[in-house]
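The values are calculated or read from the model by the stated rules, or taken from the named source; none is laboratory data. Computed from a predicted structure; not experimentally measured. All Cβ positions, glycine included, derive from the backbone under ideal geometry; neighbour counts span all protein chains shown. Keep in mind that these areas ignore ligands, DNA and RNA; they rest on the heavy atoms of the full protein, side chains included. Shrake-Rupley method; radii C 1.70, N 1.55, O 1.52, S 1.80 Å.
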Amino acid sequence: MFLTSRLWQKSLSLWLELRHCLAALAVFLNGLVIFKTVWGMSVNLLSLFHIDSFTDMNWASMANGPWFLLGLFLMLNAFGLLFRARIAWAVSIVLLLITLVFTWHFYPQMTHSITLCLTTLLILLLLSKDFNRSSATAGGIFAFISFTVLLIYSTYGALYFGSGFHPAINDLMTAFYFSIVTMTTVGYGDIIPMTEPARLFTVSVIVAGITVFATSLTTVFGPLISGGLNKLLKGNQQKMNRKDHFIICGTSVMALGTISQLLNRGFHVTILTSEPEDNFAQIEQRAGTTLDILSGDCTDNALLEQAGINQCRALLALTDDDATNAFIVLSAKDLSPSTQTVLTVNDAKNMNKIRQVKADVVLSPQLFGSEILASIMAGEPLDNDKLVSMLLTSGHGLFDKNN
């Protein structure tokens, strides 16, 4: 049973670590489907690259250009998703919506492409929390690529749908001008889309432009501004000396109550939570004091080492999810076998499975309350020893090494 539990833990950890690759693969397949669709049409795209003179070229005859670039952009975004870039996730959502609308309108018979697009959108929305990485360098590079490809897409599309505008767009400079005006939503009104395909294309450029600009500004300048404000408001904070302290995983009601009680007794506490740093102020407000909080995966070795697991008095897994608590204890014991561990069981039916984790102390408030109530109803005497034995499955010697 213990081996099965470990295998299940490893499998779940592997899924949590690699599931963003599934989203990246799905986005990449959408780009491949567009490529296959374009290459299956009557116009040979390879002929577009045999250019003798740009001045003599009929740009408006370049069929399937927007489709080709849309597929290319989706495939580029797939690589961004592999690095869990938030901007790649946002741009992929917009591109897939554009792909869905265009396919539904112009090629409704391509049900496989529509189904794949809808499925990919659902996967991205369900896994949105996985794409939370943003840095000024990576965001800047991806923002530049996004803007460049969007500019090519809008310019190329303006030439392709040029006859649907008034006045018609027949040259590269006019297409470039229309693309910039549309992407920035300035809209002088000197070039107006008249046909339905031209209007749909213009809408796609406006939506994609707003998304690229907004996400680029947020990704590139957001961390810089946030970091500057934190330094301005909080000053240069010294590195925490995490030693002879308690590590509490989770911000549940029980976790916050335990934190308050330990702080009142003069102990140092470090909190590990999966919540983002933006929520730290709310957690401190609920606890009523300033806290030492780290954000991340509580089962991650790097986070546990940062929290000082080798120098702590004990680690307490107090989240609202029993499986998460079990994985936290297993990870802690794997990293530091001598660390004392405390684990809560929220659902009494999981007690037998949780026992296999072999935490030093297993608490089940649900079972404890039930046994107390049953004893009172039965008129049984309750002394301290009985209460302790009912509450703890193995509590002796937990803090002996620290006294």
**Complete:** Nearest-0.05 FRET efficiency for GLN282 and LEU125 at R0 = 22 Å, using Cβ-Cβ distance, is 0.35
**Request:** Ignoring everything but the protein chains, give the 1.4 Å probe accessible area of TRP104 in square angstrom, nearest 10.
**Result:** 150
**Asked** Looking at VAL361, ASN350, ILE328, which one has the Cα that reaches farthest to the positive end of the dipole of region 326-367 (charges on Cβ: Lys, Arg +1; Asp, Glu -1)?
**Response** ASN350
**Item:** Most to least accessible of ILE259, ILE123 (protein chains only, probe 1.4 Å)
**Value:** ILE123, ILE259
**Asked** Considering only protein heavy atoms, what is the solvent-accessible area of THR319 at a probe of 1.4 Å, reported in Å² to the nearest 10?
**Response** 20
**Asked** Which value, in Å² and to the nearest 10, is the accessible area of ASP334 when all protein chains are kept and the probe is 1.4 Å?
**Response** 100
**Length released on extending from ASN132 to ASP292, taking residue separation times 0.36 nm less the Cα-Cα span** = 55.4 nm
**Asked** On the accessible surface of region 255-318, probed at 1.4 Å, how many percent belong to carbon and sulfur atoms?
**Response** 40
**At R0 = 41 Å, FRET efficiency that the Cβ-Cβ distance of LYS353 and ILE206 yields, to 0.05** = 0.15
**Fill in**
When every protein chain stays in place and a 1.4 Å probe is rolled, TYR177, TYR156 sorted by accessible area with the largest first are TYR177, TYR156
**Prompt:** Out of residues 5 or more away from ILE192 or on other chains, whose amide H comes under 5 Å of its own, with H placed 1.01 Å from N in the peptide plane?
**Reply:** HIS166
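Calculate the FRET efficiency for GLU305 and TRP104 from the Cβ-Cβ distance with a Förster distance of 51 Å, rounded to the nearest 0.05.
The formula returns an efficiency of 0.50 here.
So how much slack lies between GLU17 and ALA378, counting 0.36 nm per residue of separation and subtracting their Cα-Cα distance, in nm?
Value of the extension gain: 125.0 nm.
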**Fill in**
By accessible area (1.4 Å), largest first, MET377, MET183 order as MET377, MET183
